[in-house]
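Some notes on the structure that comes next.
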Amino acid sequence: MNSLNLTIGETWEIEHERYVLDQLMGNDLLHLRSERTGAPLQISHDGHSHSTPNVDWLISQFASGRAHRIDLAMVSRRALVSPLVASGDYEAIAAKDPKAAFRQSVLTALDRVGSFSLSDKGIRKALAVIWEKKPQTFAGHKPPSPSSVRTWLRERGDTGSRQLKLMVSRSGRTARKKRLPVSVYRRMHDEALAFWADHRKTVGDAYDDLSFYLKSLNSWISTRSSRWRAVPIPSRERFRTYLRSLECYETLTARYGKKEADKRLKAKGQGLQAHRPLALGAMDHTPADFHVVADFNGWKYLGRPWLTILMDVHTRCIVGWVLTFEPPSLYSATECIKRANRPKLRMLDRFPDSPELKDIYGKFDEIIVDNGWEFTGTSFESALIDAGVSVRWAPVRSPTYKAVVERFFGTLNTKFHQKLPGGTLPIEKLRAWGINPQEDAVLTLDQAEHLLISAIGVYHQEVHSSLAEPPLKLWTRAIRAQGGVQVIGDDRQLDRMLGASKDATLTTSGIRLFNLQFHDPAITGPILEDLARSEPLRARKKDSAKAAVKVKYNPADLGQISLWHAKLGQFVEMPCTEPEYANGLSKWQHDCMQAWLREEQIADADARLARRIELRREIENITPDKVLSRSKRAHARLLSSPRIEALASSTLRVEYAHPRHDGMAPIIPTTAFAAERTDNHAKPVRPARGGRKPQKAPKPPKQSQRPANLEWTETASVDPQWEDFK
């Protein structure tokens, strides 16, 4: 027995394919014709045999939700109503047309009356009957006109099938005649496509081109014939509406590129998924949106630090973070993994009422990173694999792959960075409010780190929009269920494997590196005793031993270095002697402080020079005259030495005038280094060398000595004209 009311010509949708019921055959067989191909529907049995469907098969498909009867009347009306109205949503229909429920009540009541005349008199009589039987339903409503009722009965469903979505008024939703000529629409289409093809073109530019073309066309028409009508020029809003109606994947690709089109319209995947804590982590860097200063004998502007975070995908907890001026590098990533591996004791100090915050730590099974140079090297992957951590690289130029991390950066900027005194704001806000971030930055790095810890602690305790509960609550419950966290037993190996290498010298005072001293007597003594005996004899110091060693350090933390002990074949940790200064200090920060020290030393150079000269003058004042005169005579002899003259310059000469009773005699011009002798080769009058030494002549009086205050003059040519000494 056919329990399903079937009608020839009705349409069914089966497995996303439309079929028309053409015939009801014997044995309840059905002839369902495909609208797309025209072929009859055949049922497959185990992929081997096929048969014609029957009524029982259609009922079973309808019961399982795989077959649906299509209302063609409603399909034809969907373009005239909103999607929610077409789907039968009561609230949408009531908001769109409040009288739809009234029409449905009238038609349903008339169907129950039975047969009645469709004349005006018969319809009025039927309406009076239903108004009398249901006074509460139709209270406050006037009976509709007979003509309206006839239209409703004909167009709004059949007897027993008066769906609410068919009662929506179509007033203002029918197709209207186009008000602009086809030629104008064609030109609008061309200018709209020109806008989508050029990203430099604005809507105003495209509308200017359209209006200029149409005005030029009207000017040409006015000069040709009065029988031709001028074309109308559409409004700017009409053109903008049509231009935006062409927005699709192809137009977005042409204007902004495939990447932007995919970002706007391409369906996203499920995103990163993890079934338990510490199964999958996501790491990324971002410049912090605030400025930092340092109080180093006066305020010094440092700039914007970098923030590196490591997030647990399952619980959205921030397991590790590093705020440093070290640019994104292998070392900041290593430091972040080390901090993620250790309990957060500073969280306990900041939030004593939430001790669970310190327990957000552990070793990840896998970490997702981007394709930065610090992550793509083999050393990073090898070090993490040795530590038991796998590395996964996100697709190139796909920031949405790690959307959980990017979303956290946005949350941090909104709730934390932009509220700080040194926070950055949009440029239009800065101009409107007259704020200069570099001048208004009043945060030190310690203050920024303290506030960052507070912001992360608050984030862990607030309800997460995706989790519907605080991340801390989910972390605590999941960790308790799995019986604890796994950690890297010795995370110092990361620094040893990935640290920067440098040659150094080990002495009894330790190692001097970057103007910092790394020393521990209990470590330095035994290592120096083992390594010093292997040093070459010529390189050894007489007073103390030394040894050339190789060390590794983390540029993100100069608190300690790793010294390679060649005899033991392992690295040994050497702490800095200034832990308050060096712990957590990056090499970039240390270099800045050293540069500031050098600037202060240069600024004080003149003062130091004046102090040294003043000290020397004091020493000269208390020095005996005999010692000073000896120095002056030695100075005078050096000034008059021909050898020193030749070494100084071949163009500088010194001449002496013989003393006279009334002062210095005039200078006699001479030709220095003459090519020929002028003494006619006279024999020298000195005694022969090696003979008897002549008696020494008495010393001349002091006033006859050569003066010491001599001046240098420069020759102008080969035959110089010497000027008189002043």
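Give, in nm to one decimal, the length gained when the segment between K142 and A481 is fully stretched (0.36 nm per residue of separation minus the Cα-Cα distance).
Between K142 and A481, full extension yields an extra 115.3 nm.
For labels at S465 and A403 in the simple 7 Å Cα→Cβ model, what's the distance in nm?
1.1
With every protein chain left in place and a probe of 1.4 Å, what is the accessible surface of E247, to the nearest 10 Å²?
Counting only protein heavy atoms, E247 exposes about 80 Å² to solvent.
If I ignore ligands, DNA and RNA and count only protein heavy atoms, how much of K266 is accessible to a 1.4 Å probe, in Å² to the nearest 10?
For K266, solvent-accessible area is about 120 Å².
Mind ranking 400-407, 142-149 by how tightly packed they are, going by the mean number of other C-beta atoms within 10 angstrom, highest first?
Answer by packing, highest mean first, reads 400-407, 142-149.
Sorted by average packing, counted as other Cβ atoms within 10 angstrom per residue and highest first, what order do 4-13, 90-99, 222-231 take?
Top to bottom by mean Cβ count within 10 Å: 90-99, 4-13, 222-231.
For the range 124-214, give the percent of accessible area contributed by carbon and sulfur heavy atoms, probe 1.4 Å, rounded to a whole number.
50
State the three equivalent ellipsoid semi-axes of the range 352-415, derived from the C-alpha gyration tensor as the square roots of 5 times its eigenvalues, in descending order and whole Å.
25, 20, 9
Net charge around I14, counting only other residues with Cβ within less than 13 Å of its Cβ (Lys, Arg = +1; Asp, Glu = -1)?
On the way: positive: R18, R33, R36, R66, R69; negative: E10, E13, E15, E17, E35.
Around I14, the surrounding residues sum to 0.
Taking a virtual spin label 7 Å from the Cα of R276 along the C-beta vector, which residues in the range 356-391 bring their backbone nitrogen under 20 Å of it?
359-368, 387-391, by backbone N distance to the label point.
Can you give the accessible area of F325, probe radius 1.4 Å, in Å² rounded to 10?
Its accessible surface works out to 10 Å², give or take rounding.
Once you put a point 7 Å from the Cα of D262 and another 7 Å from the Cα of K473, both along the Cβ direction, what distance in nm separates them?
For the pair D262/K473, the computed spacing is 3.8 nm.
The values are calculated or read from the model by the stated rules, or taken from the named source; none is laboratory data. Predicted model only: the values in this text are computed from it and were never measured. Glycine also receives a Cβ, built like all others from the backbone with ideal geometry; neighbour counts cover every protein chain displayed. With ligands, DNA and RNA removed, areas are computed over all heavy atoms of the protein, side chains included. Shrake-Rupley method; radii C 1.70, N 1.55, O 1.52, S 1.80 Å.
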